[in-house]
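A short worksheet on the structure shown next.
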Amino acid sequence: MTRSSPRERIIESARDLFRKHGLRGVGVDAIAEAAGTNKMTLYRHFGSKDELIAACLSRAGEEAQEDWSDLSAQFPGDARKQLHAWIQMATACALDDPRGCDIANAAVELTEADHPARKVIEQFKTDYRNRLAELCSQAGAGEADLLADALCLLMEGARVSWQSVGPNGPASHFVRISEAVVEAFTRQSRDEHLVQPPA
């Protein structure tokens, strides 16, 4: 069995430690030790701890983007089913891991506007929301952008609720609320198409 490259070991070890202790709670010495390497190697691949953080968040974003391919493969050509499957996927993402989303957690922890990871966070969240809006539009929502914003806010809120009061709090209603919101937006669009202006 071949070992992964030093760069991969550093990223995976850093991600694990960051999730357990926070971005500020882990030093490069601990990361290098966990990766089975040394600080010199770490700095050869990443110019600073901040750049390593950005690389870790980029990896998390790449993994999250793979979910879209899974939805398309599961329900090819059926945007409505893909959107309902997204709700189930978002539920698992928001509620299955009490540590929350790496990228959302980093957004809270990293307050410096010029931190290299801030661009990664903003780009990922923007791309994700836009991808969801596209799916909402394909699913027949008249105000797809507004629906996507509502679903994103519900998902982020569910994560925080789960971390604050546990799975039996408001987060336990995420699926029901999300399904109701989707139905309201798509029903409105259907109703508007049924009302035809007089000739």
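The values are calculated or read from the model by the stated rules, or taken from the named source; none is laboratory data. Just so you know, these numbers come straight off a predicted model, no measurement behind them. With ideal geometry, Cβ positions are generated from the backbone for all residues, glycine too; neighbour counts draw on all protein chains shown.
Annotations
Residues checked against (1) among the small types (Gly, Ala, Ser); (2) out of contact with any Leu (no Cβ under 8 Å at 6 or more places or on another chain); (3) in the same structural domain as residue 65 (by TED's automatic domain parsing):
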site	(1), (2), (3)
122	no, yes, yes
126	no, yes, yes
145	no, yes, yes
149	no, yes, yes
161	yes, yes, yes
168	no, yes, yes
171	yes, no, yes
182	no, no, yes
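- Test: residue in region 35-50 that is within 19 Å of residue 116 (Cβ to Cβ) and hydroxyl-bearing (Ser, Thr, Tyr): yes
- The combined condition, being over 22 Å from residue 119 (Cα atoms), assigned to a helix (DSSP H, G or I) and under 14 Å from the mean Cα position of the chain (by Cα), is fulfilled by residue 94.
- Test result for residue 120, part of a helix (DSSP H, G or I) and either hydroxyl-bearing (Ser, Thr, Tyr) or modelled with pLDDT under 90 (or both): no
- Among the candidates 19, 9, 15, residue that is buried (at least 17 other Cβ atoms within 10 Å of the Cβ), outside the structural domain of residue 174 (by TED's automatic domain parsing), farther than 20 Å from residue 156 by Cβ and within 19 Å of the chain's Cα centre (by Cα): 15
- Put simply, of 105, 130 the only residue that is of a type outside the set (Lys, Arg), within 20 Å of residue 22 (Cα to Cα), in a helix (DSSP H, G or I) and in contact with a helix residue (DSSP H, G or I) (Cβ under 9 Å, 6 or more places away or on another chain) is 105.
- Counting the residues of region 105-115 that are crowded, with 17+ Cβ neighbours inside 10 Å and either under 17 Å from residue 66 (Cβ atoms) or among the small types (Gly, Ala, Ser) (or both) gives 2.
- For region 1-56, the set of residues classified as in contact (Cβ under 8 Å) with a residue 24 or more places away in the chain, part of a helix (DSSP H, G or I) and farther than 26 Å from residue 123 by Cβ consists of 6, 41, listed by residue number.
- Of all residues in region 157-166 being touching a helix residue (DSSP H, G or I) at 6+ places or on another chain (Cβ under 6 Å) and of a type outside the set (Lys, Arg), the one that is surrounded by the most Cβ atoms within 10 Å (Cβ to Cβ): 158
- Region 97-155, residues that are among the aromatic types (Phe, Trp, Tyr) and more than 23 Å from residue 59 (Cα to Cα): none
- Pick from region 76-104, criterion surrounded by 15 or more Cβ atoms within 10 Å (Cβ to Cβ) and without any contact (Cβ under 8 Å) to a residue 40 or more places away in the chain, ranking: nearest to residue 134 (Cα to Cα): 78
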